[in-house]
1. Assess whether Glu138 counts as being touching a Pro at 6+ places or on another chain (Cβ under 8 Å), charged (D, E, K, R) and surrounded by fewer than 17 Cβ atoms within 10 Å (Cβ to Cβ).
2. Taking the options Ala350, Ala378, name whichever one is within 21 Å of Leu230 (Cα to Cα), out of contact with any strand residue (DSSP E or B) (no Cβ under 8 Å at 6 or more places or on another chain) and among the small types (Gly, Ala, Ser).
3. Which ones in segment 270-315 are polar (S, T, N, Q) and either surrounded by fewer than 18 Cβ atoms within 10 Å (Cβ to Cβ) or part of a helix (DSSP H, G or I) (or both)?
4. Among the residues of segment 134-150, is there at least one that is among the charged types (D, E, K, R) and in contact (Cβ under 8 Å) with a residue 60 or more places away in the chain?
5. Give segment 18-57 a look and list any residue that's farther than 18 Å from Ala307 by Cα, surrounded by 20 or more Cβ atoms within 10 Å (Cβ to Cβ), out of contact with any Pro (no Cβ under 9 Å at 6 or more places or on another chain) and β-branched (Val, Ile, Thr), or say none.
6. Restricting to segment 71-118, name every residue that is closer than 19 Å to Ala199 by Cβ and part of a strand (DSSP E or B).
7. Can you tell which of Arg114, Arg38, Arg122, Arg68 is touching a His at 6+ places or on another chain (Cβ under 7 Å) and more than 23 Å from Pro177 (Cβ to Cβ)?
8. Hey, among the residues in segment 208-266 that are in a strand (DSSP E or B) and charged (D, E, K, R), which one's surrounded by the most Cβ atoms within 10 Å (Cβ to Cβ)?
Amino acid sequence: MTDRLLVCGIGTGMDHSLTELRLPRWELVVVTDTPTDRVRAAADVLLVCDPNDAVAVLAALSAAGIDRIDGVFSLGADNPPVISTLAHRFGCPGLPLETALNCTLKDRRLAILRKAGLDVPRFAPAESVGEAVQAVAEIGLPAVIKPSDQTGSLGVMKVESADRVRECAAEALRLSPGGRIVIEEFLEGTEHTLAAFMADGELHRFGFADREYGRKEEFAPYFFEGGDTLPSRLTTEQIDEITDVVLRGARALRLDPTVINTDILRTHDGRVVLLEITCRLTGSRIATEVMRLATGVDPLPNVVRLALGWPLEPGELEPTHNRAAVQRFLPADGGVVEWVGDPRDVTRRAGVHDVFWGTELAPGTVVPPYRGGADALAGVIAYAAEPAEAEAVAERTLRALPLRFKDSAG
C-alpha cells in the first residue's frame, strides 16, 4: 500500500526539497498558505490553508475527504505543536503535544533547560509592558525582547536603554499571538546551528554550521543574520562539547525520536549557551541543501522514516565528502524597485548552487525598512574547497544581482 505523507508547512525556500519526496511509494498531501509552482507540481493533494492552525488543517483535510494519514512532518516550518496534534488525530508516530509546546514556547523551553542544569540566558516572561519593564530592571541592560511564540526572529529586538523598553515590549506583545514575551540577557560570542536526529536516547549529528552575524546590529534594534557557513571554524573538541550540551537539552525536553534544530551561542569565555532547541528540520534550505553540499548527507529519508515510525538509518548520516558551503542573505531595507531581472542569470558563475529573491520583486515594488529575520531581499548558496573562497563567491554573486532601486530624489 502507498504510504500517505502529510507535509504540513513549507519553510522559506524548502519547496526545492519537496520534489525529492515525490516517489511512487508515497502519496504527498501538502498543506501551505503560500503555494509555489514547485509545490503544485510535487503535491498529489494540495490544501491551501494556514499550516500553523491545526483546526484549519483538519477542516481542510476533512473537506478533501482525507481520513487516513500514515506520517506527518513539516519541511522546516516551525509548527511542532500542529504536527503533534495531527499525528495524534490520525494515529501516526509523533511526539506528545506537551513536548512540542515545551520546545516551541520560548519561556517554557528555557525554564525546562535551566531546571536541567543547562546554561541558558537569564530570562523572565512578561504579559504586559509593565512586567517587561520590571524584568529588564532585574536582568539588566542590554537585553533582548522577543515574542514567546513567534519564529523567524519576528519581533526579536535588542534594547540598550531604559527609555526604549516600553516601545519594544509593546511591539513584541503585539506580534505575540498568545500575548506573552520573553526578556533575556544579551550575550556575545559566536553562534552555531547543529542539525541532528534523536533516537533511542542518542544524538546523531549530521550538520554543524557557523551562523554569520557580521552585520548583526546594523539594523538595530532588530538583528540581521547573514547566513551559515560550513565547515565550522570551531575545533573538533569544541564541536563535540556543544554536541554533548545539545544531547542533554534534547533529553531534558524529551525530544525522542525526532529531527532536531538548534541555535547555540558560545561565549568568548567558552560557555555553551542553548538559545533554541526544537523538534523540526532546520529550515531556510540549510539542512537540505547547504549542509548537504558540504557533507553529502541527505536528511530527508530519515525524516520520513521517523514520521512513519520506522527505525533511523544512522549510516546515511555519515559524510561522504568535505567541502565548504555557505548561504548568504542580502537584507531588504527600504526603497522602490526601478528594474529587476532574473537572479538565475548569475548562477552560471563557478561555485554558485542557487541565487534567489527573498521576496517578490517587480518595478514599482516598495520595499519597507528592515524589521526582522524574514526580511531578506535576496540570497545565494555557494560552495568551494575552502570557506573563504565560498564566501567570496557568494559576496560577488550578491553584488551582481540584476536589481536597481530608484534614486531617493527620483
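The values are calculated or read from the model by the stated rules, or taken from the named source; none is laboratory data. Values in this document were obtained by computation on a predicted structure and should not be read as measured data. Because the Cβ atoms are built from the backbone with ideal geometry, glycine has one as well, and the counts that use them run over all protein chains shown.
1. Numbers: touching a Pro at 6+ places or on another chain (Cβ under 8 Å): no; charged (D, E, K, R): yes; surrounded by fewer than 17 Cβ atoms within 10 Å (Cβ to Cβ): yes.
The answer is no for Glu138.
2. Numbers: Ala378 fails: out of contact with any strand residue (DSSP E or B) (no Cβ under 8 Å at 6 or more places or on another chain).
Sole residue among the options that is within 21 Å of Leu230 (Cα to Cα), out of contact with any strand residue (DSSP E or B) (no Cβ under 8 Å at 6 or more places or on another chain) and among the small types (Gly, Ala, Ser): Ala350.
3. Of all residues in segment 270-315, those polar (S, T, N, Q) come to 278, 282, 284, 288, 295, 302.
Result: Thr288, Thr295, Asn302.
4. If we filter segment 134-150 for residues that are among the charged types (D, E, K, R), which is where we start, we get 138, 146, 149.
Then keep just the ones that are in contact (Cβ under 8 Å) with a residue 60 or more places away in the chain; that gives none.
Taking every residue of segment 134-150 in turn, none turns out to be among the charged types (D, E, K, R) and in contact (Cβ under 8 Å) with a residue 60 or more places away in the chain.
5. The one that is farther than 18 Å from Ala307 by Cα, surrounded by 20 or more Cβ atoms within 10 Å (Cβ to Cβ), out of contact with any Pro (no Cβ under 9 Å at 6 or more places or on another chain) and β-branched (Val, Ile, Thr): Val39.
6. Of everything in segment 71-118, those that are closer than 19 Å to Ala199 by Cβ and part of a strand (DSSP E or B) turn out to be Gly71, Val72, Phe73, Ser74.
7. Arg38
8. Asp228
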